[in-house]
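Let me begin by presenting the structure, written as structure tokens, before commenting on it.
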Amino acid sequence: MLRALILLLFFPLSLSAPAQDPGDELLPPEQAYRLRVDVQDPQTLVASWEIAEGYYMYRHAFEFRIDEPGVRLGEPQLPKGKVKHDEFFGDVEIYRKSVSIVLPLIREPGSPKAINLHTRAQGCADIGVCYPPMDQTVRVELPPLPGAGRAESAAASSGSRAAPLARLESLAGGDTSEDEFLPPDEAFRFVAGMKDPQTALLEWEVADGYYLYRDKFRFRAEPAGSVTLGEPRLPAGQTKHDEFFGEVTILKHRVRAEIPVHRLDPDLRRFTLVAEYQGCAESGICYPPITKSISLELPPESAAGPTSAPSEAPEQVGDRAGPQAVATGGGAAPESAGGTPDTPYQSEQDRLASMLATGNVFWVLLVFFGFGLLLTFTPCVFPMIPILSGIIIGQGKAINTGRAFVLSSVYVLAMALTYTVAGVIVGLSGENVQAWFQNPWVLGLFAGVFVLLALSMFGFYELQMPASIQTRLTRIANSQQGGTLTGVAIMGFLSALIVGPCVTAPLIAALLYIAHTGDAVLGGLALFSLSLGMGVPLIIVGTSAGKLLPKAGPWMDAIKA
């Protein structure tokens, strides 16, 4: 790294100093790497560099950007390079002599007819000097999108399109002219990429007068065992009576699908996403099912925000899309050379929410019940044992095992119903309850309370509730512990508030699932099963009427000391 900085620092001097050997004289970067941008079609640009003899360019260093609204870049299609051991960046791919990079475009109606393409590239000379990154901007005039002038272009391409459109005509059963229907890749322009390290983003630009069937989407990952795909999130769509499939839900215009991606191998950096879909034209023909395979690069798990643009399916897809700034991959970036990517991480609540979405119902309920059993052994649940024991003992000597079991069950059921009802309401409301408590004032207030309580425990002072309030609360508590089922249920409801901090991951997972899917039944059952799992040990302790609890004695003094 130090050597690279020294070379860059003295690079201007090397340009102006007279060279002893004319063959070793460095060319200015614009002469060593000559850029040309051509328009291949209304949705495709080709950026080409002519590379002088004795020079090369880094594959990983190319970047492209378009700032004009209504025009976006898809993932650039870079050819394979030659592997070279570089003294600055290690093993990298490079280009010599020339390189041409295909740049897919997605253009919205009314987009500009001319754009500025911003490029960044970097290269080196064989004599051991590397140029700084080169920024260049090229003004490009774009031809009109297919549409109004389609009749003329259709005549020129009728030969290549005759066969597929003839098959479509036969499906429709009419004598429709082939020029009236778009090829499938133009009717449904498809792009895909990674929105973030755990989410694949797929987009379709559906031409006017066409639509996609919502229930015909199928997705899978290849090779098998590389990643698992979660439940796709698709738009709601609209209902239509279709002459082929009856009452169906269809999607028009721009269709966006997000698919959770869970990598099974932490070191996996690329996988193939296979998408299947089918659509029709409003005028009465349906296309055969379409299958696209797209190779997607998995960004490091620690990457923040959108990390790669939607990419087109190789040599098949007519659509192009992506964020306005695209950094290409394929090699080790300078800043990451020699480093190791962070191990992918998925939060516990995300894993549980994914299991809710894709798992078997009985298995899901069993797992959440098991989580409830484990939560019993957390400090938050321990205070519920003396509460329940106090209720049982409050019955006096007349208490028997059956009565103790009923009281314990009512207590646990009240606690479970509290969690279930509150969770379902919050989940369906779509409110981010977690965010409410991330307010600095709320966090600061609770932190201050804990500090005051800690100082009290260390003996700096005594915190004691006023006697009048203590007397009143004691009277209320005693009335509730008198053994009535209503009083026990109220105590169960209040006790549910105690264990809140201990059930964050399962609780948030269920709330996320309910909010995203609207399935309050499965989400509510999961919460109810979780609460029952926490309650089973309480029922056992309560039914025993305290026989299973340790007795007070000298051992307590030893622990306190």
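Against the list (1) under 28 Å from the mean Cα position of the chain (by Cα); (2) more than 22 Å from Leu296 (Cβ to Cβ), the condition Arg120 fails is (1).
Being closer than 15 Å to Glu276 by Cβ and in the same structural domain as Phe190 (by TED's automatic domain parsing), is that true of even one residue in the range 235-250?
Within the range 235-250, the subset closer than 15 Å to Glu276 by Cβ is none.
No, the range 235-250 contains no residue that is closer than 15 Å to Glu276 by Cβ and in the same structural domain as Phe190 (by TED's automatic domain parsing).
Answer yes or no as to whether Ser311 is under 30 Å from Gly70 (Cβ atoms), at pLDDT 50 or above and either in the same structural domain as Gly193 (by TED's automatic domain parsing) or among the hydroxyl-bearing types (Ser, Thr, Tyr) (or both). So Ser311 fails the test.
Give the residues of the range 189-218 that are hydroxyl-bearing (Ser, Thr, Tyr) and farther than 12 Å from Glu276 by Cα, sorted by residue number.
Of the residues in the range 189-218, the ones hydroxyl-bearing (Ser, Thr, Tyr) are 199, 210-211, 213.
Result: Thr199, Tyr210, Tyr211.
Leu388 satisfies every condition listed in (1) part of a helix (DSSP H, G or I); (2) more than 16 Å from Leu532 (Cα to Cα); (3) at pLDDT below 70 except (2).
If I filter the range 105-121 for residues that are surrounded by fewer than 18 Cβ atoms within 10 Å (Cβ to Cβ), within 12 Å of Pro42 (Cβ to Cβ) and touching a strand residue (DSSP E or B) at 6+ places or on another chain (Cβ under 9 Å), do I get at least one hit?
First, the residues of the range 105-121 that are surrounded by fewer than 18 Cβ atoms within 10 Å (Cβ to Cβ): 108-114, 116, 118, 120.
Remaining after also requiring within 12 Å of Pro42 (Cβ to Cβ): 111, 113.
Keeping just the survivors that are touching a strand residue (DSSP E or B) at 6+ places or on another chain (Cβ under 9 Å) gives 111, 113.
Yes: one or more hits.
Being outside any loop (DSSP other than H, G, I, E, B), closer than 19 Å to Leu73 by Cα and either at pLDDT below 50 or of a type in the set (Asp, Glu) (or both) is not true of Asp215.
Can you pull out the residues in the range 208-251 that are of a type in the set (Gly, Ala, Ser) and buried (at least 18 other Cβ atoms within 10 Å of the Cβ)? Result: Ala221, Gly230. Within the range 28-44, being of a type in the set (A, V, I, L, M), under 36 Å from the mean Cα position of the chain (by Cα) and within 14 Å of Thr137 (Cα to Cα) holds for one residue alone: Val37. The set of residues in the range 1-54 being modelled with pLDDT under 90 and of a type in the set (Gly, Ala, Ser) consists of Ala4, Ser14, Ser16, Ala17, Ala19, Gly23. Annotation for the range 208-217: no member residue is small (Gly, Ala, Ser), closer than 30 Å to Arg269 by Cα and assigned by TED's automatic domain parsing to the domain that holds Glu297.
The residue that is modelled with the highest pLDDT, among those in the range 55-92 that are surrounded by 17 or more Cβ atoms within 10 Å (Cβ to Cβ), among the hydrophobic types (A, V, I, L, M, F, W, C) and farther than 30 Å from Leu145 by Cβ, is Met57. Summed over the range 270-285, the residues that are in contact (Cβ under 8 Å) with a residue 60 or more places away in the chain and either under 15 Å from Gln198 (Cα atoms) or among the charged types (D, E, K, R) (or both) give a count of 3. Only one of the listed residues (Leu273, Leu268) is modelled with pLDDT of 65 or more, part of a loop (DSSP other than H, G, I, E, B) and either assigned by TED's automatic domain parsing to the domain that holds Arg72 or over 14 Å from the mean Cα position of the chain (by Cα) (or both). That residue is Leu268. Within the range 55-92, if we keep just the residues that are among the acidic types (Asp, Glu) and part of a loop (DSSP other than H, G, I, E, B), the residue that is farthest from Pro104 (Cα to Cα) turns out to be Glu87.
The values are calculated or read from the model by the stated rules, or taken from the named source; none is laboratory data. In this text, all values refer to a predicted model and were calculated from it rather than measured experimentally. Ideal geometry is used to build each Cβ from the backbone, glycine not excepted, and the neighbour counts take in all protein chains shown.
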